[in-house]
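Report on the structure given below.
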């Protein structure tokens, strides 16, 4: 039945079919079909769902060549220019936007919202991409979630990643189980896995490091290949690219070595706790155990001082030693390898005060030994004096 100069509506099947045609020889512009175009399918647009077979069902395509190559895939929804264009057997996919899920062929359960979101996905399944170019290069990766422009852009086979924010996890290719929240969080990550970044550009330069946690603006920015590091606070970071198990807590806190914890930056004046710190000292954790040579002579060379900390003027007087003076004493007693002095950064030295306990104990022991010896000498002298006294008394009696 001709209804205008350019459009034709005609019943072409014995079962319920409604198709709108621009020309008799061209593909239908609108098809509501229960037969050769699949059961309960709605197709709207040039070559939309063009290859649908009768075995497919519940597909919806809106836009130029949307779902064009789909054959037996079911329950797909494609809205936009060439959305889900190459899908053939994939099912339960949703694509909204120009080229969204365009290359998908067999992937299932994917959701793409945004121009060219998941555009190169072929067999990856159960991915969610919200934003233009989100998960753009994903090929076979599964169970990824991307929210934002160019989020997880380079991901190809990485799975179980979650990223929200502009270009978060942008460079990730095969890394798995990463979580990035914030613009450009984990931006440079490629193969690193099990990382968590929260905050603008957190873990930005990480490439292959794994099991890192960064919370705060540009936290753990210096890390490249290091693993098991933790930074909490804006600009909290490691001081080398490949540290392991290093922890920095507080604004601008910088940790310098692996297996070390740094609390706060140079402006911190007090660190408090409800109970005393407890340090493991199990023999099973130690080797090369020797009695220290640092004792009374070492302690006598120390210069205990009191002072006001420059960054805490007006506060209580503090007691301690001067790191440079302690360093000189350690050198004098041939103990520069004791680890009592640490270089915190380019200018500041720190003292591991608990290491002074052993020399202090040794000093008390040496003083105690001297005291025992003096007591013995005194007792001997008293005995001699008693003998002399007895002799004198005996002599006087005669």
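Would you mind getting me the FRET efficiency between residue 240 and residue 348? Use the beta-carbon distance for r and R0 = 22 Å, nearest 0.05.
Computed FRET efficiency for residue 240 and residue 348: 0.80.
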- Note on the structure: FRET efficiency for residue 376 and residue 292 from the Cβ-Cβ distance with R0 = 22 Å, rounded to 0.05, comes out at 0.25
- Task: Please give the per residue volume of the convex hull enclosing the alpha carbon atoms of the chain, rounded to a whole number of Å³.
- Result: 216 Å³
- With Cα atoms, 0 to 90° folded angle of helix 323-332 axis to the chain main axis: 60 degrees
- Task: Would you mind telling me which residue in 192, 314, 80 has the biggest mean-square fluctuation in a Gaussian network model of the chain, where springs connect alpha carbons within a distance under 10 angstrom?
- Result: 314
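Sorted by packing (mean other beta-carbon atoms within 10 Å per residue), highest first, where do 226-236, 60-70 land?
60-70, 226-236
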- Query: If one takes the longest principal axis of the Cα atoms in the chain, at what angle in degrees, from 0 to 90 and to the nearest 10, does the Cα axis of helix 357-397 lie?
  - Reply: 20 degrees
- What ranking of 310, 261 emerges when the number of other C-beta atoms within 10 Å of each C-beta is taken as an exposure proxy, fewest first? 310, 261
- Query: Normalised by the residues of the chain, what does the relative contact order come to in percent, with Cα pairs under 8 Å and at least six apart?
  - Reply: 4 percent
- So, in nm, how far is label residue 388 from label residue 306 when the simple model puts each one 7 Å beyond its Cα toward the Cβ? 4.6 nm
- Task: Could you line up 302, 101, 326 from fewest to most neighbouring Cβ atoms inside 10 Å?
- Result: 302, 326, 101
- Query: For residue 395 and residue 251 in the same chain, what is the full-extension length gain: residue separation times 0.36 nm, less their Cα-Cα distance, in nm?
  - Reply: 43.2 nm
- Item | Separation in nanometres of the label points that stand 7 Å from Cα toward Cβ, at residue 278 and residue 316 | 2.5 nm
- Ranked on Cβ counts within 10 Å of their own Cβ, fewest leading, 356, 285, 52, 186 go 285, 356, 52, 186
- Task: Would you mind telling me which residue in 297, 92, 142 has the biggest mean-square fluctuation in a Gaussian network model of the chain, where springs connect alpha carbons within a distance under 10 angstrom?
- Result: 297
- Message: Suppose we take every Cα in region 294-398 and form the convex hull; what volume per residue is that in Å³?
- Response: 141 Å³
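Here, each number is a calculation from the coordinates, and none is a lab measurement. Worth saying up front: this structure is predicted, and the values here are computed from it rather than measured. Note: ideal-geometry Cβ built from the backbone for every residue, glycine included; neighbour counts use all protein chains shown.
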